[in-house]
Amino acid sequence: GSSCSSADPVALQVGDWQLSNSTAQEQMESFAKAYAAATSEDQANTRLRADDGKSWKTDFTAQFLNDQLTLQLARLEVEDRGLEVTDEDRDAARQQLEQNYAGQDGQTVFPQLDEDYQNNLIEGVAAQTVLQDALLVDATSDDALRTIFEAGDTYKQPVVCAR
């Protein structure tokens, strides 16, 4: 949501964390530059920019904000569960992101992203990994498996397809 009376409206808020519209624009611009370095300026403009060449395509904006939302929700859940994100988790997240942001020549363009955006990605991906590991342990514990087994037919519902 955003506030019409605000000098810098909020593009996204999750808990206490806020992403201002201007910061979102800066981060999207840094992503576009990194994407252009990894592919080409024409491809980046075609995939990310609206027809006017100045604003962003709706699907790019939606994906960017959705990614930010997902990362922040993972961080909140890690905090709520009392889990710890270690420096090792952050290092692994950085390595993963550097691989994900590799250009056609194999060189990473991750350092070209806005520094705050890099840090947010690292913290969020590290939190997702820690949370995923915790959920896997929770789901495969003896108690969790016993609960599923004892539920019996509760999990046998008719298959429904929807469009």
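The values are calculated or read from the model by the stated rules, or taken from the named source; none is laboratory data. Everything quoted here is computed from the prediction, not taken from an experiment. No Cβ is skipped: glycine too gets one built from the backbone with ideal geometry, and neighbour counts run over all protein chains shown. The accessibility values were calculated without ligands, DNA or RNA, using every heavy atom of the protein model including side chains. Shrake-Rupley method; radii C 1.70, N 1.55, O 1.52, S 1.80 Å.
Data overview
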| quantity | calculated |
| --- | --- |
| Some residue of the range 116-128 being among the charged types (D, E, K, R) and free of Cβ contacts under 8 Å to residues at least 40 places away in the same chain | no |
| Number of positions in the range 35-60 that are under 22 Å from Gln18 (Cα atoms), open to solvent by less than 60 Å² (accessible area, probe 1.4 Å) and assigned to a helix (DSSP H, G or I) | 1 |
| Options Gln27, Gln63, Gln95, Gln13; residue that is assigned to a helix (DSSP H, G or I), under 17 Å from the mean Cα position of the chain (by Cα) and touching a residue at least 12 places away in the same chain (Cβ under 8 Å) | Gln27 |
| Subset of the range 27-42 that is among the polar types (S, T, N, Q) and at pLDDT 95 or above - its residue that is nearest to Gln13 (Cα to Cα) | Gln27 |
| Which listed residue, of Asp80, Asp89, Asp105, is surrounded by 13 or more Cβ atoms within 10 Å (Cβ to Cβ) and more than 14 Å from the chain's Cα centre (by Cα) | Asp89 |
